[in-house]
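The values are calculated or read from the model by the stated rules, or taken from the named source; none is laboratory data. No experiment lies behind these values; they were computed from the predicted model shown. Glycine gets a Cβ as well: all are built from the backbone with ideal geometry, and neighbour counts include every protein chain shown.
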Amino acid sequence: MTRSNRILTFLFLLGLALFVWWGDKHSDQFVFLWRVLNFGAIYALAAVGYTVINGITGQFSLGPHGFMLLGGYLTTLFMLPMHQKKVVWLFTPLSWPFNQFTLPYSGFILALIAGGILAVLASLVVGIPALRALRGDYLAIATFGFGEILYVLACNFMGLTNGAMGVKGIPRYTNLAWSVGALAVLTYAAVRLKNSSYGRALRAIREDELAAESMGINVFRHKLLAFMFSAFCAGVAGGLMATLIGTITPDLFRFFMTFYLLMIIVLGGLGSISGAVVAGFIFAAIFEALRFVDTAVVPGMRMVVFAVLLILVMLFFRRGLFGREEFTWDWLWHGAKRAWRWAWAKMS
């Protein structure tokens, strides 16, 4: 990275930090915008992890909704106040040890990390047998089935999840500082990973597993580590979402959540981390703007709109916004120059 690019990156991050500080201070005045930005950061965070396993490594996983469920519930169990735990688990007592403690606000980051770690452990349970023996559609079915198993368990483990009734009264700790901060940290980690020798090995696996293995790459180990990173991002995103909405139920993390993430990474460009971030915010804006469709037209019609959008993208814009490329300041500069030349030619 050149010196000018480093300066631009520093100024961008400084401006982003000031905007986040200002946005949280004025969240009551711009409720809709604040909500869209928070959801956009959360969707983008989960999509960044999904891009690593699905776009960069080329492994068709359909299980991030299960990992988000685990992260969301564990964060809730850590952060829910004791008096609210007694109210929510009225018929079936909350299981030990979560009925003995609650973390203060200062422990929120520990709860998010714990949610991510739990998702990583779950990814080992499904990833070790599935990634070793399966690929393609078979891997997709296995990971999808694992996500649905977690959903069924969440509906029936009353002592931990309160079943289908869910948990209400969760402290709404998530704000732009937390959601955008987590997105920035994990996006930086994903970009560094992609540009490392490890990331080059992942791309080699995506192109041809047999050729990669013949070059000495431990294919299974690399796929498993990418799967674990993806699960960690999904677990943290689930925790942020639960503490943004203030309530959590198993239905919040049904398969449609993976469908959302699939649309985001396809729209952004399979293999592009920058594309996943940008498309995450675009998706959140469209998703919230179309909320009236479910109430004013037909319930569930919003999903039809998104399904049509995905079909159109696959038919006419297969590479997405970025393809497999990443955003750079040079790319922005050259794009601005081309746009200026085009506009000048039109005016002339």
Practice task
Would you be able to say whether some residue in the range 324-337 is at pLDDT below 70 and among the basic types (Lys, Arg)?
Solution key: no
Problem - Answer residue from the range 83-92, given it is in a loop (DSSP other than H, G, I, E, B) and touching a residue at least 60 places away in the same chain (Cβ under 8 Å) and is surrounded by the fewest Cβ atoms within 10 Å (Cβ to Cβ) among those - result: PHE91
Practice task
Name the single residue, out of those in the range 1-30 being among the aliphatic types (A, V, I, L, M) and exposed (fewer than 11 other Cβ atoms within 10 Å of the Cβ), that is modelled with the lowest pLDDT.
Solution key: MET1
Practice task
Take the range 264-295 and flag every residue that is touching a helix residue (DSSP H, G or I) at 6+ places or on another chain (Cβ under 6 Å), within 20 Å of ARG206 (Cβ to Cβ) and either surrounded by fewer than 16 Cβ atoms within 10 Å (Cβ to Cβ) or not β-branched (Val, Ile, Thr) (or both).
Solution key: LEU267, GLY268, GLY269, LEU270, GLY271, GLY275, ALA276, ALA279
Practice task
Please list, ordered by first then second residue, the pairs with beta carbon atoms under 8 Å, 6 or more apart or interchain, first in the range 114-128 and more than 14 Å from GLY147 (Cα to Cα) and in contact (Cβ under 8 Å) with a residue 60 or more places away in the chain, second of a type in the set (Val, Ile, Thr) and in a helix (DSSP H, G or I).
Solution key: GLY115/THR75; GLY115/VAL236; GLY116/VAL236
Practice task
Among residues belonging to the range 243-278 that are outside any helix (DSSP H, G or I) and farther than 27 Å from ALA189 by Cα, point out the one that is modelled with the lowest pLDDT.
Solution key: ARG254
Exercise for the section: Kindly indicate whether VAL185 is crowded, with 20+ Cβ neighbours inside 10 Å and closer than 30 Å to HIS26 by Cα. Expected result: no
Exercise for the section: Quick one: PHE229 ticks every box in (1) surrounded by 15 or more Cβ atoms within 10 Å (Cβ to Cβ); (2) free of Cβ contacts under 8 Å to residues at least 40 places away in the same chain; (3) of a type outside the set (Gly, Ala, Ser) except a single one, so which number is it? Expected result: (2)
Problem - Selected residue (only one of LEU118, LEU103, LEU70, LEU112 is at pLDDT 90 or above, touching a Leu at 6+ places or on another chain (Cβ under 9 Å) and assigned to a loop (DSSP other than H, G, I, E, B)) - result: LEU103
Practice task
Please work out if PHE281 is out of contact with any Pro (no Cβ under 8 Å at 6 or more places or on another chain), at pLDDT 75 or above and not acidic (Asp, Glu).
Solution key: yes
Exercise for the section: Could you please find all residues in the range 125-139 being in a helix (DSSP H, G or I) and surrounded by 15 or more Cβ atoms within 10 Å (Cβ to Cβ)? Expected result: VAL126, GLY127, ALA130, LEU131, LEU139
Handout entry: Where VAL88 falls short, out of the listed (1) in contact with a helix residue (DSSP H, G or I) (Cβ under 7 Å, 6 or more places away or on another chain); (2) over 15 Å from TRP178 (Cα atoms); (3) among the β-branched types (Val, Ile, Thr)
Key = (1)
Fill in the blank from the handout: Within the range 232-263, of all residues that are out of contact with any Lys or Arg (no Cβ under 7 Å at 6 or more places or on another chain) and hydroxyl-bearing (Ser, Thr, Tyr), the one surrounded by the most Cβ atoms within 10 Å (Cβ to Cβ) is THR258
Exercise for the section: Look through the range 31-82, keep the residues that are surrounded by fewer than 24 Cβ atoms within 10 Å (Cβ to Cβ) and either among the small types (Gly, Ala, Ser) or free of Cβ contacts under 8 Å to residues at least 40 places away in the same chain (or both), and return whichever of them is nearest to MET241 (Cα to Cα). Expected result: PHE78
Exercise for the section: Consider ILE53 carefully, then state whether it is closer than 30 Å to ILE282 by Cβ, touching a Lys or Arg at 6+ places or on another chain (Cβ under 9 Å) and modelled with pLDDT of 90 or more. Expected result: yes
Practice task
Can you confirm whether the range 93-102 contains a residue that is loosely packed, with under 13 Cβ neighbours inside 10 Å, more than 24 Å from the chain's Cα centre (by Cα) and either closer than 20 Å to ALA164 by Cβ or among the acidic types (Asp, Glu) (or both)?
Solution key: yes
Handout entry: The lone exception for GLY147 - which of (1) within 30 Å of ARG35 (Cβ to Cβ); (2) surrounded by fewer than 16 Cβ atoms within 10 Å (Cβ to Cβ) it fails
Key = (2)
Fill in the blank from the handout: Going through (1) within 30 Å of TRP21 (Cα to Cα); (2) of a type outside the set (Phe, Trp, Tyr); (3) modelled with pLDDT under 90; (4) surrounded by 13 or more Cβ atoms within 10 Å (Cβ to Cβ) one by one, MET165 fails only at (1)
